[in-house]
1. Give me the compactness ratio for segment 195-262, meaning the Cα radius of gyration over 2.2 N^0.38 Å.
2. Which value does Rg/Rh take for the chain over its C-alpha atoms, Rh per Kirkwood?
3. Where the accessible area of segment 39-111 is counted over protein heavy atoms with a 1.4 Å probe, how much of it, in %, is carbon and sulfur?
4. How far apart, in nm, are two points set 7 Å out from the Cα along the Cα-to-Cβ line at Glu27 and at Arg256?
5. Where does the charge balance sit around Thr64 when Lys and Arg score +1, Asp and Glu -1, over other residues with C-beta under 14 Å from its C-beta?
6. Between Thr133 and Ser248, how many nm apart are label points set 7 Å from Cα along the C-beta direction?
7. Can you list the HN-Hα couplings for segment 102-118, worked out from phi with the Karplus curve (6.51, -1.76, 1.60; θ = phi - 60°), rounded to whole Hz and with x for Gly and Pro?
8. Output wanted: per-residue J couplings in Hz (rounded whole) for segment 18-26, from phi through Karplus 6.51 cos²θ - 1.76 cosθ + 1.60, θ = phi - 60°, x for Gly and Pro.
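The values are calculated or read from the model by the stated rules, or taken from the named source; none is laboratory data. Computed from a predicted model, the values in this text were never measured in an experiment. As a convention, Cβ positions derive from the backbone with ideal geometry for all residues, glycine included, and neighbour counts pool all protein chains shown. Each accessible area value is taken on the protein alone, full model and side chains, heavy atoms only, with ligands, DNA and RNA left out. Shrake-Rupley method; radii C 1.70, N 1.55, O 1.52, S 1.80 Å.
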Amino acid sequence: MKYAIFQMDIVPGEIEKNHKKVIEWMEETVPKEQPDIVMLPEMWTTAYTLQELDKIADVDGEPTIPFLKELSKKYHVHIVGGSIANKKSGKIYNTAVVVNKDGELIYLYDKIHLVPMLDEPLYLEGGQNKIETFTLDGVKMGIIICYDLRFPELARELALSGIEVLHVVGEWPTPRIDHWKTLQLARAIENQTYVISSNRVGFYDDTLFGGHSLVIDPWGHIIQEGSSDKEETIIANIDIDMVSEVRSKVPVFSNRRPKLYR
């Protein structure tokens, strides 16, 4: 299974310009690399223009979900579409979007944990639904958004549901980039799953974002890693069979004793 990950510098508040960037990236990347899955970062349509979101956020996924559907059909590629600011019933959520290669919307997830350090709770509503899995090309997968990474319960719940790939989309800042990397390594090792992430680069509102998009295998080895400051494409092939191999060699899940856990 081949991934193309867009480590993107987002134009703040300019949805049309960011759509155009993704179109141009797809035009350049997909025919050349022929990935099975492409992946975008968190809040890639608007960036963290929190005070503007009430005016510029998507409304019930419009226009971005139809935009991603058309791209997926055009290039016949699955899209793990990062996340978008999405207004529903008057409230704004940070919503992850997954579209399959036939242009079908297969999963939406509203970010559960909001970031107090970036004032998210002042402008966004936390998701109220439990996290779930989705399937692409017969592979069970999950997705979490940025600050969710600090809560191992989410990744473990997905692993217990059988995922083999965990996606992490972020706008993770440079001062805490060591946490970004370390937590992903931990999630991969403890859950014996691939962890694949897309983080943005660039600067906005006194915050520098740290890149280092990652592809980590179930042993915790980094297969590919983006730079700290460049907009770029990360290409990686993953071998799904490795998940079952690692789980058979170190049988963490069969050795769990949940009746003794609090």
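1. Numbers: Rg = 17.2 Å, N = 68, 2.2 N^0.38 = 10.9 Å.
Segment 195-262 yields a ratio of 1.57.
2. Numbers: Rg = 17.3 Å, Rh = 18.3 Å.
Dividing the radius of gyration by the Kirkwood radius yields 0.95.
3. On the way: 1230 of 2660 Å².
Using a 1.4 Å probe with all protein chains present, segment 39-111 comes out at 46 percent carbon and sulfur.
4. A separation of 4.7 nm, rounded to one decimal place.
5. Details: positive: Lys17, Lys20, Lys21, Lys69, Lys87, Lys88; negative: Glu14, Glu16, Glu42, Asp58, Asp60, Glu62, Glu70.
So the surrounding residues net to -1.
6. Rounded to a tenth, the inter-label distance reads 1.8 nm.
7. 9, x, 9, 6, 10, 7, 10, 9, 8, 3, 7, 9, 9, 8, x, 5, 10
8. 6, 4, 4, 4, 5, 4, 5, 5, 4
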